[in-house]
Amino acid sequence: MKKKYCIILGDGMADEPLSELSGMTPLEAANTPNMDYIASEGAMGLLKTVPDGFTPGSDIANLSVLGYDPAICYTGRGALEAASMGISLDDDDFAYRCNLVTIKDDILEDFNAGHITSDEGALLLETLNKHLHGITCHAGISYRNLLIIPGGLGCESTPPHDITGQLIRNYLPTGPDADRLIKAMKISYEIFRDHPVNLDRIKNGMRSATLIWPWSGGKRPDIRPFKEMTGLSGGIISAVDLLNGIGIYAGMEIIKVPGATGFIDTDYQAKAKYAIEALKRLDFLFIHVEAPDEAGHMGSIEEKLKAIERVDEMIGTIMKEFDGRIAVLPDHPTPIRLKTHTAEPVPFAILGKDKDITTRFSEKEGAKGIYGLIPGTGLIPLLIS
């Protein structure tokens, strides 16, 4: 019988020791019997998911984990998300990720506008598009949207989750597309200010979407099919357009799970159920859970612990029905202290291949593992060899 493989990735699970947790990291403090079993009965190492010279984003890290060298195939996050949203990019299109954000006194107060709903975001962008020329915004999930410039040339931009609490004037786009993007941002500010969606949100004590924030633009990437690269039929379970976009370009099956939200309230057990069914027909499955990363951006220790423990429960459900080879890991750290991503290597564990002296799943134990420190692109070859 052909071997089967599953990677379970808790976005941003890795962290730093916290005084509030008696010097433990959230991974060390959380109750994670299933991850610990994978570590104690398998083997561990550290994975450098963000190559030198790259910004520590989920785009770079997850491409690496899936075996793709960002130096070769990465053009920008927006282009990856376009595929998931069903948007076909022309050769000269530049696609930017476009957040709905909250600004107060010229400071970026919230990079997700209070986790605005998808329906509310769509209404805001529908109105905005009537006032834009040569630029089009496409509604996505919650605050995660897309902006496309035909004939765009690119620019330097900053992820809004990296500058919470900072003056926005220090982080506005610079470069060839900057004037058009900043003009669109200013128009969105005027349109959104008195929009019924925002007036209702303010009335109900919620944050308003002050303006759009375009970032990480790129053209359509050239990504080698996953099956051609590995010989395995592959699938992805994620509620995040970025991951599904990578999967689409890689020719993988995109498995939609009802109740998967891309936030801390996602339906973890539904993901487990759909994963078990998918693994009956696929050779390889990549399961991505965004929740720990969202909790890290919130700076909430309580929510991060809950998210990690729910990921662990999901893993336990899958392990009851799946006897193939399993790997578990974060894509990057999202430290509570910083509320944003860092580039430090992350722990990974593989069950069903080797065994070492590690006893539980954590950052410290990963450093003791027999696999040592390997590049992100080395995980898939290690897992399936």
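Odds and ends about this structure:
- Test: residue 293 is within 20 Å of the chain's Cα centre (by Cα), modelled with pLDDT of 95 or more and not in a strand (DSSP E or B): yes
- Scanning the stretch 202-218 for residues that are of a type outside the set (S, T, N, Q) and surrounded by fewer than 20 Cβ atoms within 10 Å (Cβ to Cβ), we see that the one that is nearest to residue 147 (Cα to Cα) is 207.
- Tallying residues that are in contact (Cβ under 8 Å) with a residue 12 or more places away in the chain, out of contact with any helix residue (DSSP H, G or I) (no Cβ under 7 Å at 6 or more places or on another chain) and on the phi < 0 side of the Ramachandran plot within the stretch 148-183 yields 23.
- All of (1) buried (at least 20 other Cβ atoms within 10 Å of the Cβ); (2) touching a Pro at 6+ places or on another chain (Cβ under 9 Å); (3) not hydroxyl-bearing (Ser, Thr, Tyr) hold for residue 182 with one exception: (1).
- Inside the stretch 326-342, residues that are within 14 Å of the chain's Cα centre (by Cα) and either among the hydroxyl-bearing types (Ser, Thr, Tyr) or assigned to a loop (DSSP other than H, G, I, E, B) (or both) make up a count of 7.
- The stretch 192-203 residues that are closer than 15 Å to residue 103 by Cα, paired with ones that are of a type in the set (Asp, Glu) (beta carbon under 9 Å, 6 or more apart): 198/120; 201/120
- Qualifying positions in the stretch 277-305 - surrounded by fewer than 17 Cβ atoms within 10 Å (Cβ to Cβ) and at negative phi: 277, 280, 281, 300, 302
- Total residues in the stretch 341-377 satisfying the condition of being among the polar types (S, T, N, Q) and either in contact with a Gly (Cβ under 8 Å, 6 or more places away or on another chain) or not assigned by TED's automatic domain parsing to the domain that holds residue 65 (or both): the figure is 2.
- Pairs are defined by a Cβ separation below 7 Å, a sequence spacing of at least 6 or placement on different chains, a first member in the stretch 315-328 that is acidic (Asp, Glu) and surrounded by fewer than 18 Cβ atoms within 10 Å (Cβ to Cβ), and a second member that is at pLDDT 95 or above and outside any strand (DSSP E or B); the pairs so defined are 321/276.
- Any hit, the stretch 139-151, residues being in contact with a Lys or Arg (Cβ under 7 Å, 6 or more places away or on another chain) and β-branched (Val, Ile, Thr): yes
- Tallying residues that are outside any helix (DSSP H, G or I) and aliphatic (A, V, I, L, M) within the stretch 51-109 yields 10.
- Counted residues, the stretch 87-142 - those being closer than 28 Å to residue 259 by Cβ and over 23 Å from the mean Cα position of the chain (by Cα): 3
- Scanning the stretch 209-260 for residues that are assigned to a helix (DSSP H, G or I), charged (D, E, K, R) and touching a residue at least 60 places away in the same chain (Cβ under 8 Å) yields one hit, 241.
- Members of the stretch 263-299 found to be closer than 25 Å to residue 16 by Cβ and out of contact with any helix residue (DSSP H, G or I) (no Cβ under 9 Å at 6 or more places or on another chain), listed by number: 299
- Whichever residue in the stretch 160-192 is outside any helix (DSSP H, G or I) and either in contact with a Lys or Arg (Cβ under 8 Å, 6 or more places away or on another chain) or of a type in the set (A, V, I, L, M, F, W, C) (or both) and, among such residues, is nearest to residue 133 (Cα to Cα): 172
- Options 153, 146: the member that is surrounded by 15 or more Cβ atoms within 10 Å (Cβ to Cβ), farther than 18 Å from residue 55 by Cβ and assigned by TED's automatic domain parsing to the domain that holds residue 129: 146
- Cβ-Cβ under 8 Å pairs, at least 6 apart or on other chains, the stretch 44-63 side within 24 Å of residue 369 (Cα to Cα), far side of a type in the set (Val, Ile, Thr) and in a strand (DSSP E or B): 44/350; 45/374; 46/346; 46/374; 47/346; 47/374; 48/374; 49/346
- Filtered residues of the stretch 223-261 (kept if among the hydroxyl-bearing types (Ser, Thr, Tyr) and either at positive phi or out of contact with any Lys or Arg (no Cβ under 7 Å at 6 or more places or on another chain) (or both)): 230, 238, 249, 261
- In the stretch 261-280, the residues that are part of a loop (DSSP other than H, G, I, E, B), over 18 Å from the mean Cα position of the chain (by Cα) and free of Cβ contacts under 8 Å to residues at least 40 places away in the same chain: 280
The values are calculated or read from the model by the stated rules, or taken from the named source; none is laboratory data. Predicted, not measured: the structure shown is a model, and the values here were computed from it. Neighbour counts run over all protein chains shown; Cβ positions are idealised from the backbone, glycine included.
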